[in-house]
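The values are calculated or read from the model by the stated rules, or taken from the named source; none is laboratory data. All of these numbers come straight from a predicted model, not from anything done at the bench. Using ideal geometry, Cβ is built from the backbone for each residue, glycine included, and neighbour counts are taken over all protein chains shown.
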Number of protein chains: 2
Amino acid sequence: MTVSEPDVYDRMCPSRGVLEHVTSRWGVLVLAALRDRGYRFGELRRRIDGVSEKMLAQTLQTLERDGFVHRKAHPVIPPRVDYSLTPLGTEAAELVTGLVEWIERRLPQVESARELHGARREG
Amino acid sequence: MTVSEPDVYDRMCPSRGVLEHVTSRWGVLVLAALRDRGYRFGELRRRIDGVSEKMLAQTLQTLERDGFVHRKAHPVIPPRVDYSLTPLGTEAAELVTGLVEWIERRLPQVESARELHGARREG
């Protein structure tokens, strides 16, 4: 049996799907937030401005299924669920955080590029 | 005037939009592919399995506007357009490629996690 190497450029390769989970709109922010510390669901929702309850639950489920996020439900009333990163998730989160921090740092350059681009189109 | 630091967790911060461009479904793959070399439009479309002409054009336009991609139209018949990374885009592409390569490398672990997750749900 020949098993080919994972290749995200191939749409049939399962690595493409994993890439989409990790880089999804909310997946990126969930991984980056959980890199700082564990969060309860409601806390995480407040941390990530703009995410809906439904999208956050779906994102956490996907990342849990891929082995990046650990979900711990405490048998208490009211229910309490904590989310944290697995060792595999921590590796992903480090790479994602590198990208997030780079974007925050480079925002001025991106904004200059946009101004220049707008000026060229008008000029 | 107080200017707050860029913060991707804030939905009003422009860095959130840049993050979404860089981590978009096709943005990731365009940046990673262009890190290897410059591409013509059609070549790039063949490299990135599954992307439509429309989505590739839109992704390239967004990345060009943000200052990551340089577009060079040659005045020849038939028209020829080359795409390459700017220095800013090269930085982004390095971070993105680190993530892509990590995912390809870690795919077996993700697949094991998925099997375990499925087994736990059934058991």
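Quick look at the values:
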read-out: Scan of segment A:55-80 for residues that are modelled with pLDDT of 95 or more and of a type in the set (Val, Ile, Thr), ordered by number; value: A:THR59, A:THR62, A:VAL69
read-out: Flag if B:TYR9 is at pLDDT 95 or above, aromatic (Phe, Trp, Tyr) and closer than 18 Å to A:VAL51 by Cα; value: yes
read-out: Qualifying residue in segment B:17-26 (condition: surrounded by 14 or more Cβ atoms within 10 Å (Cβ to Cβ), over 30 Å from A:ARG45 (Cβ atoms), of a type in the set (A, V, I, L, M) and in contact (Cβ under 8 Å) with a residue 12 or more places away in the chain); value: no
read-out: Some residue of segment B:94-106 being small (Gly, Ala, Ser), at pLDDT below 95 and out of contact with any Pro (no Cβ under 7 Å at 6 or more places or on another chain); value: no
read-out: Matching helices (runs of 4 or more DSSP H) fully within segment B:1-76 where at least 1 residues are more than 20 Å from B:LEU99 (Cα to Cα); value: B:14-22, B:41-47, B:53-65
read-out: Those residues of segment B:45-69 which are under 20 Å from A:SER15 (Cα atoms) and without any contact (Cβ under 8 Å) to a residue 12 or more places away in the chain, in sequence order; value: B:ARG45, B:ARG46, B:ASP49, B:GLY50, B:SER52
read-out: Those residues of segment A:77-96 which are at the interface with another protein chain (Cβ under 10 Å from one of its Cβ atoms) and in a helix (DSSP H, G or I), in sequence order; value: A:PRO87, A:LEU88, A:GLY89, A:GLU91, A:ALA92, A:GLU94, A:LEU95, A:VAL96
